[in-house]
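Undergrad: The structure under discussion is supplied below as structure tokens; questions concerning it will follow.
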Amino acid sequence: MITIYHNTRCRKSREGLEVLQSSGKEFEIREYLKDPLSEEEIKQLLKKLGMAPMELMRTEEKLWKEQYRNRDLSDAELIQVMQQNPRLIQRPIVETPEKAVVGRPASNISDLLF
């Protein structure tokens, strides 16, 4: 099953959702701000993305700048920060059983699906 980790208030996330809707493929939407990912789910996503935790972090967010920017955090601590503060996770993320991509730009999603 294809899953989009979606934030309805984010323009890029809505663009990613449009790509999925026009693909004709079945998918599910997970509003990860309302239904946060567990630490294990974040670890699995990172593996599928081929990313380090810091690469998935939204470092331009006010919360990041005020609370975490100047701290030397381990990968495990970064994963905890994302689990506790899901708005710090890049979006949208589209996941298939084999792989995942961050949908910035939305063409990344097309590349994953076709």
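Where a number appears in this text, it was derived from the coordinates with a stated rule and is not lab data. For clarity, every value in this text was computed on a predicted model and none was experimentally measured. Neighbour counts are summed over all protein chains in view; Cβ atoms, including those assigned to glycine, are modelled from backbone coordinates with ideal geometry.
Undergrad: Please report the antiparallel percentage of the DSSP beta bridges confined to the chain, to the nearest 5.
TA: Working: 7 of 12 bridges.
Expressed as a percentage, antiparallel bridges in the chain total about 60.
Undergrad: Residue-wise, which Karplus ³J(HN,Hα) couplings in Hz belong to the stretch 78-85, taking 6.51 cos²θ - 1.76 cosθ + 1.60, θ = phi - 60°, and x for glycine or proline?
TA: Here the 3J(HN,Hα) series is 5, 5, 4, 4, 5, 5, 7, 9 Hz.
Undergrad: Treat every Asp and Glu Cβ in the stretch 2-113 as -1 and every Lys and Arg Cβ as +1, leave all other atoms uncharged, and give the resulting dipole magnitude about the Cα centre to the nearest 20 debye.
TA: Details: 19 positive and 19 negative charges, 87 e Å.
Here the size comes out at about 420 debye.
Undergrad: Hey, what's the Kirkwood Rh for the stretch 68-114 if you take every pair of different alpha carbons, in angstrom?
TA: 12.3
Undergrad: Please give the calculated 222 nm ellipticity per residue for the chain, where each DSSP H segment of at least 4 residues contributes -39500 (n - 2.57) and the sum is spread over every residue; nearest 500 deg cm²/dmol?
TA: Numbers: 6 runs with 51 residues, N = 114.
My calculation for the chain gives -12500 deg cm²/dmol from helical runs alone.
Undergrad: Whose amide H sits under 5 Å from the amide H of Glu31, counting only residues 5 or more places off or on another chain, with H placed in the peptide plane?
TA: Amide H neighbours of Glu31, under 5 Å, 5+ apart: His6.
Undergrad: Rg and Dmax of the stretch 2-68, using alpha carbons, in Å: what are they?
TA: 13.5, 42
Undergrad: Starting from the exponent 0.38 and prefactor 2.2 Å, build the expected Rg for the chain from its residue count and divide its actual Cα Rg by it.
TA: On the way: Rg = 13.7 Å, N = 114, 2.2 N^0.38 = 13.3 Å.
The value comes to 1.03.
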